[in-house]
Amino acid sequence: MTREMGKVLNETRGDVQETIDMTFYMAGQGRRMFGHTVPSELRNKFAMSVPQPLGVCSIITPWNFPMAIPSWKIIPALVCGNTVVKPASQTPLSAVNFVKVLEEAGIPKGGWSTWSPATATRWGRR
């Protein structure tokens, strides 16, 4: 990040730490994805919502926090079973490095796809 966009090293470290913190928090939320029981307007009827994945989530991210802000969107989407991503065109390498870490952590292939208009290169597999 420091090389890619000129961010001060301490701020780069903060961005990475924010990503780590968000990942730990959202990983824990995966255990709490229960349906919500809501009162029915009809007598003797049971109503319940069940969370389901939406599918592919295109995530538009800013260049100034190229790891922290994408993590706020990528991790919850993955925890919910969606596939993701598109990084900011000004800082694609930070997003690519983030995705590499996700892959090393065991995120299945096809759970993510990164594309950068700046380089017109695609990483990941669908």
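Observations, loosely collected:
- Annotation: residue 44 fulfils all but one of (1) at negative phi; (2) out of contact with any Phe, Trp or Tyr (no Cβ under 8 Å at 6 or more places or on another chain); the unmet one is (1).
- All positions within segment 41-62 that are modelled with pLDDT of 80 or more, of a type outside the set (A, V, I, L, M) and more than 15 Å from the chain's Cα centre (by Cα): 41, 43, 44, 45, 46
- Those residues of segment 1-20 which are closer than 13 Å to residue 93 by Cβ, surrounded by fewer than 18 Cβ atoms within 10 Å (Cβ to Cβ) and in contact (Cβ under 8 Å) with a residue 24 or more places away in the chain, in sequence order: 4, 5
- Restricting segment 40-60 to residues that are touching a Gly at 6+ places or on another chain (Cβ under 6 Å) and part of a loop (DSSP other than H, G, I, E, B), the residue that is surrounded by the most Cβ atoms within 10 Å (Cβ to Cβ): 53
- The condition (being in contact with a Leu (Cβ under 9 Å, 6 or more places away or on another chain) and over 19 Å from residue 80 (Cβ atoms)) is satisfied by just one residue among 41, 18, 4, 11: 4.
- Qualifying positions in segment 21-48 - free of Cβ contacts under 8 Å to residues at least 24 places away in the same chain and closer than 30 Å to residue 68 by Cβ: 21, 24, 25, 28, 31, 32, 34, 36
The values are calculated or read from the model by the stated rules, or taken from the named source; none is laboratory data. Since we're looking at a predicted model, the values are computed, not measured. For neighbour counting, all protein chains shown are included, and Cβ atoms are generated from backbone atoms with ideal geometry for every residue, glycine included.
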